[in-house]
1. Hey, could you check segment 58-91 for residues that are on the phi < 0 side of the Ramachandran plot and of a type in the set (Gly, Ala, Ser) and say which is most open to solvent (accessible area, probe 1.4 Å)?
2. Testing PHE29 on (1) closer than 21 Å to ASN112 by Cα; (2) modelled with pLDDT of 95 or more, one condition comes back false. Which one is that?
3. Among the residues in segment 41-51, are any in contact with a strand residue (DSSP E or B) (Cβ under 6 Å, 6 or more places away or on another chain) and loosely packed, with under 14 Cβ neighbours inside 10 Å?
4. Do we find that GLY109 is open to solvent by less than 70 Å² (accessible area, probe 1.4 Å), farther than 15 Å from LEU4 by Cβ and either touching a helix residue (DSSP H, G or I) at 6+ places or on another chain (Cβ under 9 Å) or not in a strand (DSSP E or B) (or both) in this structure?
5. Starting from residues that are hydroxyl-bearing (Ser, Thr, Tyr) and within 11 Å of the chain's Cα centre (by Cα), keep the ones in segment 9-59 and report whichever is nearest to ILE104 (Cα to Cα).
6. Look at segment 1-40 and say how many of its residues are outside any strand (DSSP E or B) and either at negative phi or surrounded by fewer than 16 Cβ atoms within 10 Å (Cβ to Cβ) (or both).
7. The conditions are (1) buried (at least 20 other Cβ atoms within 10 Å of the Cβ); (2) in contact with a Leu (Cβ under 8 Å, 6 or more places away or on another chain); (3) of a type outside the set (Gly, Ala, Ser), and TRP114 fails exactly one of them. Which is it?
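The values are calculated or read from the model by the stated rules, or taken from the named source; none is laboratory data. Not measured: the values here are computed from a predicted model. Cβ atoms come from the backbone with ideal geometry, glycine included; neighbour counts cover every protein chain shown. When the accessible area is computed, the model is the full protein with side chains, heavy atoms only, and any ligands, DNA or RNA have been set aside. Shrake-Rupley method; radii C 1.70, N 1.55, O 1.52, S 1.80 Å.
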Amino acid sequence: QVQLVESGGGLVQAGGSLRLSCAASGRSFSSYAMGWFRQAPGKEREFVASISWSGGSTYYAYSVKGRFTISRDNAKNTVYLQMNSLKPEDTAVYYCAESSGRTIATYYGDYNYWGQGTQVTVSS
């Protein structure tokens, strides 16, 4: 069984930064791609970013490209999401997820395991 635990969320002013972390346990973290998704109140869960098993490839939603950076440390079984230049529309619960494969995935159905989520609130 895989467990994913997110941390690092909080309240920040527009233009500020936050770094989310997701610690994984339970199986070979380094063998699978990872992703970050988010869900705002009243909206569907949406893809934010994905990183391949090695960290060599990354992919971002258009809305966050150039502002967010996904990275991973396979020695620490942890994936990160550095969020800069935050906007009020970035307010959501952020979830990390472990994919069923090794390459980048943008569809939520490609992910087998999910964390409990961490709240990010950006004030204007």
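1. Narrowing segment 58-91 to residues on the phi < 0 side of the Ramachandran plot: 58-65, 67-76, 78-84, 86-91.
Narrowing the set further to residues that are of a type in the set (Gly, Ala, Ser) leaves 61, 63, 71, 75.
Numbers: ALA61: 18, SER63: 59, SER71: 45, ALA75: 98 Å².
Going through the qualifying residues, I end up with ALA75.
2. Among (1) closer than 21 Å to ASN112 by Cα; (2) modelled with pLDDT of 95 or more, PHE29 violates only (2).
3. No, segment 41-51 contains no residue that is in contact with a strand residue (DSSP E or B) (Cβ under 6 Å, 6 or more places away or on another chain) and loosely packed, with under 14 Cβ neighbours inside 10 Å.
4. Working: open to solvent by less than 70 Å² (accessible area, probe 1.4 Å): yes; farther than 15 Å from LEU4 by Cβ: yes; either touching a helix residue (DSSP H, G or I) at 6+ places or on another chain (Cβ under 9 Å) or not in a strand (DSSP E or B) (or both): yes.
For GLY109, the condition - open to solvent by less than 70 Å² (accessible area, probe 1.4 Å), farther than 15 Å from LEU4 by Cβ and either touching a helix residue (DSSP H, G or I) at 6+ places or on another chain (Cβ under 9 Å) or not in a strand (DSSP E or B) (or both) - is met.
5. Out of the qualifying residues, it is SER50.
6. Taking segment 1-40 as the starting set, the residues that turn out to be outside any strand (DSSP E or B) are 1-2, 8-9, 14-17, 26-33, 40.
The next check asks that each one be either at negative phi or surrounded by fewer than 16 Cβ atoms within 10 Å (Cβ to Cβ) (or both); those that pass are 1-2, 9, 14-17, 26-33, 40.
The number of residues fulfilling the criteria is 16.
7. (1)
Yes/no per residue for (1) in contact with a strand residue (DSSP E or B) (Cβ under 6 Å, 6 or more places away or on another chain); (2) within 18 Å of VAL2 (Cα to Cα); (3) not in a loop (DSSP other than H, G, I, E, B):
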residue: TYR62; (1), (2), (3): no, no, no
residue: ILE70; (1), (2), (3): yes, no, yes
residue: LYS76; (1), (2), (3): no, yes, no
residue: CYS96; (1), (2), (3): yes, yes, yes
residue: ARG102; (1), (2), (3): no, yes, no
